[in-house]
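The values are calculated or read from the model by the stated rules, or taken from the named source; none is laboratory data. In this text, all values refer to a predicted model and were calculated from it rather than measured experimentally. Counting neighbours? That spans all protein chains shown, and the Cβs are built from the backbone with ideal geometry, glycine included. For the accessible areas, the whole protein counts, side chains as well, though only heavy atoms, and no ligand, DNA or RNA atoms are used. Shrake-Rupley method; radii C 1.70, N 1.55, O 1.52, S 1.80 Å.
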Amino acid sequence: MPAQDFTADELAAGEALFARGWQFVKSVPSLEFLPSPDRTEMAFAGRSNVGKSSLINALVGQRGLARTSNTPGRTQELNYFEVPGAALFLVDMPGYGFAKAPKAKVDAWTRLVKDYLRGRPSLVRVFFLIDARHGLKPPDLGMMALMDEAAVSYQAVLTKADKIKPHELARILEKTAEEMAKHAAAYTVTLATSSQTGTGIPDLRAEIARLAAVHGALGGG
Ligand code: GDP
């Protein structure tokens with residue numbers, strides 16, 4: 001169902017990159033703790049409960065690597081992951097959109113995310129997760145505004161594709177692509193994924209490997 005076809009070589013490169021053992025590097029609560037920006041970086045953003053931890057775990061093929069973060073009071077952190085043999089970081093950004101989050105938490109989130117997006121030259125793409133059942137919600141539009149403002153390249157990735165019927169998925173894919181086309185910083189190709197069934201996971205792996213290769217993060221191999 002994804003709206004982009006990858007070649008067999010690209011899919012194989014994605015598979016190879018994610019067959020290696022991904023590891024947790026560190027949690028970054030504020031920017032002074034960021035690792036030096038000497039590797040290509042890609043981040044995952046989305047509303048709390050969008051399925052971000054499940055998607056990262058599905059990508060790396062490890063259940064517990066990204067921990068679920070759906071506790072409103074939880075500390076807002078950027079979580080860094082790396083893999084041997086690639087000059088690449090994957091970053092799990094703190095979720096957003098809790099109706100009951102205290103203002104101080106929302107402010108802290110905004111400061112961290114805004115500063116991170118603006119000040120991270122090695123960040124080549126944000127995978128912007130959207131629940132396939134719900135589409136874009138007001139908090140997502142806020143996140144898009146931050147990414148637009150920072151001129152960070154982002155790509156919509158639908159999650160929980162297994163929860164809706166194929167024709168509904170086709171419709172939301174099209175609608176999301178239309179919305180992305182209105183934003184200069186957004187990549188118009190939208191991927192549909194399910195961490196539950198594995199739909200779209202090889203494609204997202206291939207996209208990450210392709211981008212990593214473009215940025216010279218995969219070394220000679
Ligand atoms: P996070 O807060 O964005 O990290 O979201 P989680 O990964 O913790 O997922 C939130 C809830 O959605 C959990 O109950 C997951 O089991 C469920 N979930 C996540 N991904 C999928 C999916 O692809 N399909 C289905 N059916 N449920 C999912």
- prompt: Among (1) among the hydroxyl-bearing types (S, T, Y); (2) under 17 Å from the mean Cα position of the chain (by Cα); (3) at pLDDT 95 or above, which single condition is T197 missing?
  reply: (2)
field: Top-ranked residue in region 162-193 [being under 17 Å from F6 (Cβ atoms) and among the polar types (S, T, N, Q); ranked as modelled with the highest pLDDT]
entry: T193
message: Contact list please: Cβ distance under 8 Å, first residue in region 129-155 and at pLDDT 95 or above, second residue open to solvent by 50 Å² or more (accessible area, probe 1.4 Å) and among the hydroxyl-bearing types (S, T, Y), pairs at least six apart or on different chains.
response: S153/Y187; Y154/Y187; Q155/Y187
- request: Output the residues belonging to region 192-203 that are of a type in the set (A, V, I, L, M, F, W, C) and crowded, with 22+ Cβ neighbours inside 10 Å.
  value: A192
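Residue-by-condition table, conditions (1) out of contact with any helix residue (DSSP H, G or I) (no Cβ under 8 Å at 6 or more places or on another chain); (2) under 16 Å from S48 (Cα atoms):
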position	(1), (2)
R63	no, no
V83	no, no
P94	no, yes
W109	yes, yes
D140	yes, yes
- request: Take V60 and decide whether it is within 27 Å of G200 (Cα to Cα), open to solvent by less than 40 Å² (accessible area, probe 1.4 Å), more than 16 Å from the ligand (Cβ to nearest atom) and touching a strand residue (DSSP E or B) at 6+ places or on another chain (Cβ under 8 Å).
  value: no
- prompt: Looking at region 96-154, which of its residues are buried (at least 18 other Cβ atoms within 10 Å of the Cβ) and touching a His at 6+ places or on another chain (Cβ under 7 Å)?
  reply: V124, M144
task: Look at region 14-41 and say how many of its residues are of a type in the set (A, V, I, L, M, F, W, C) and either over 16 Å from P84 (Cα atoms) or without any contact (Cβ under 8 Å) to a residue 12 or more places away in the chain (or both).
output: 4
- prompt: What residue, among those in region 1-18 that are of a type in the set (A, V, I, L, M) and at pLDDT below 95, is most open to solvent (accessible area, probe 1.4 Å)?
  reply: M1
- prompt: For residues in region 169-194 being within 16 Å of the ligand (Cβ to nearest atom) and in a loop (DSSP other than H, G, I, E, B), which is nearest to the chain's Cα centre (by Cα)?
  reply: T193
- prompt: Pairs, please: C-beta under 7 Å, at least 6 apart or cross-chain, first residue free of Cβ contacts under 8 Å to residues at least 60 places away in the same chain and in region 162-181, second open to solvent by 30 Å² or more (accessible area, probe 1.4 Å) and within 15 Å of the ligand (Cβ to nearest atom)?
  reply: D162/Q196; D162/T197; D162/T199; K163/R133; I164/R133
